[in-house]
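Each reported figure results from applying straightforward, stated rules to the coordinates on display, with no laboratory input. Here the structure is a predicted model, which means the values were calculated and not measured. With ideal geometry, Cβ positions are generated from the backbone for all residues, glycine too; neighbour counts draw on all protein chains shown.
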Amino acid sequence: MIPARNALSSVENAIGRIRHDENGVVAQVRAATEDATRLRAEQAEAFKALARSRIDSLKQGDVIGRIDRTERSILDILERQRKRLGSLSLRHDELTRKIESIETGRLDKVEAVEQAVEAIDTLDKRIEAALADDVEWLEQKQKGDRAAEIAQAAEEKAKLAESDLDKKGEPYRDDALFMYLWKRGYGTSRYAAGGLTKYLDGKIAHLIGFEAARRGFHMLNEIPKRLREHAEDVEQGAQAELEALQGIERRELEKHGVIDLEKTLAREHGLLSEAEKELADFRMELDRLSSEQEATLDTRKDPEYEQAMQALTDMLGREDLRTLWREASATSTSEDDAIVRQIESLQEKLSALEAQIAEMRENASKLAARRAELERSRDRFYRSGYDDPTGSFDNGDLIGEVIGGILTGAVQGGVLDELFDKGFKRRPRSRGGSIGGGIRMPKGSSRGPWTGGGSIGGGRSRKSSGGFRTGGGF
């Protein structure tokens, strides 16, 4: 059994680990991209050196000019990308640190809420024990129990009559002639036909014995209505008796300081809600930055970069440069051989580096997918109310194993959601809930970030087996 806050922290810590790994991959891609930029610059310089060595002065300026223009275009794009990535990374790191700090502080706030709830719960139990022998409370409880019994009996009678209507009314509803006359209101003030229609309807009514059947079907419909009205009336009476009992309990709670305790709970609720909102805003901004960073890393999606690389490919494929390459490769001059070997070596390094960058991008995509799975589970955790401070999970070991599996890519996020659904439990409070009608929050106060688990100190059972009739809870 682990507290709900620990399960949530495990998910958030796993998300933080993946973000840390993503940042590491981003740094690697940035470094590799800068290396590729340097190698391309060296390659361009080598081609220019080859041009100076091999092409006559008239063509040399044209070839070197083309190389310079293409090189500058690519280097400018890569420099913009480098600066943009640097700016995104700085903001990404800053947001990550803020989120980690808020998440750490959130645990303290959750604990403060738990302590505030526990303080009220302790007072509940103390007042519950003290009032168990109180004459006024015992008399009101007896009145409430009796009213609850009457309400329960009335409810059962109403349901039985409604069930009878479904079963016993079926022969009437299956008789087409009877239902024709019934819907027209024959035999009642609603019937408005005249002349031949009235004459024929009278023949049909006489033929099927409609009047006796109408009275029987009318009573069959009226009895459930009357019993349902009676059940609702006595239910209201039972509720009034229950509220009177709660009033006695509430009076004692307030006499012993519950209002101050509820104010403390409301304050801690508010602080926790503010932290949750701030977290949600920062996480949204971080998601946006992550998407932008991922798109920036993938130069294949950058039209300017693609255009510049195509220009480089076209330039290197021109006939004059291919001729220049062939002639230099065929000569035996040491200067040309050294340049050719340099260009070949640079090309091999570039190819290997681009393959590494592609692999890094693939790793970044996988990490982003795993993070997204955990974030979806975390968001569903909140929507389901599993962040309830009174909640816990009885399958904590399995939750840890599955989170580890998601980190390695061996498990899908849906498995984690199933574990949360199966393992979640709420701690019972004061025989099921808070006395005096439940915890009361000041007007305008937040109900807290947990939204899926019902209201605090909510409904009660109508009759208890012993002392206080308490029910509900978070």
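Take 250-259, 110-119 and order them by the average number of nearby Cβ atoms within 10 Å per residue, most first; the result is 110-119, 250-259.
What order do you get for 214-225, 383-394 when each peptide is scored by the mean count of other beta carbon atoms within 10 Å, highest first? Present the calculation step by step, with values, prior to reporting the outcome.
Values: 214-225: 14.7, 383-394: 20.6.
Per-residue Cβ counts within 10 Å, averaged per peptide and sorted highest first, yield 383-394, 214-225.
Is the range 83-141 best put as rounded, prolate or oblate by its Cα gyration tensor, with a ≥ b ≥ c the root eigenvalues, rounded for a/c under 1.5, and otherwise prolate when a/b is larger than b/c, oblate when not?
Working: a/c = 14.01, a/b = 6.00, b/c = 2.34.
Prolate, because a/c is 1.5 or more and a/b exceeds b/c.
Pairs to check: 143/255; 255/425; 98/349; 157/425; 183/225; 203/225. Give those whose C-alpha atoms are more than 29 Å from each other in this structure. Listed pairs above 29 Å: 255/425; 98/349; 157/425; 203/225.
In a fully extended conformation the segment linking residue 200 and residue 97 would gain 28.4 nm over its present Cα-Cα distance, using 0.36 nm per residue. In this simple spin-label model, placing a label point 7 Å from the Cα along the Cα-to-Cβ direction at both residue 229 and residue 382 gives a separation of 5.0 nm. Here's the picture: a label point sits 7 Å out from the Cα of residue 267 along the beta-carbon direction, and within the range 101-126 the residues with their amide nitrogen under 17 Å of it are 108-120.
The slack in the chain from residue 87 to residue 338, taken as 0.36 nm per residue of separation less the alpha-carbon distance, amounts to 86.4 nm.
Can you tell me the order of 281-287, 120-126 when each peptide is scored by its average per-residue count of other Cβ atoms within 10 angstrom, highest first? Kindly include the intermediate steps, with their values, before the conclusion.
Working: 281-287: 15.3, 120-126: 18.7.
Final packing ranking: 120-126, 281-287.
In terms of overall dimensions, the C-alpha atoms belonging to the range 132-258 reach 80, 25, 19 Å along their principal axes, ordered largest to smallest. Label separation (residue 80 vs residue 255): 7.8 nm, computed from points 7 Å beyond Cα along the C-beta direction.
Hey, with R₀ at 25 Å, roughly what FRET efficiency would residue 42 and residue 17 work out to, going by the Cβ-Cβ distance, to 0.05?
Numbers: r = 38 Å, r/R0 = 1.51.
The formula returns an efficiency of 0.10 here.
Between residue 150 and residue 347, the simple spin-label model (points 7 angstrom out along Cα→Cβ) gives 10.0 nm.
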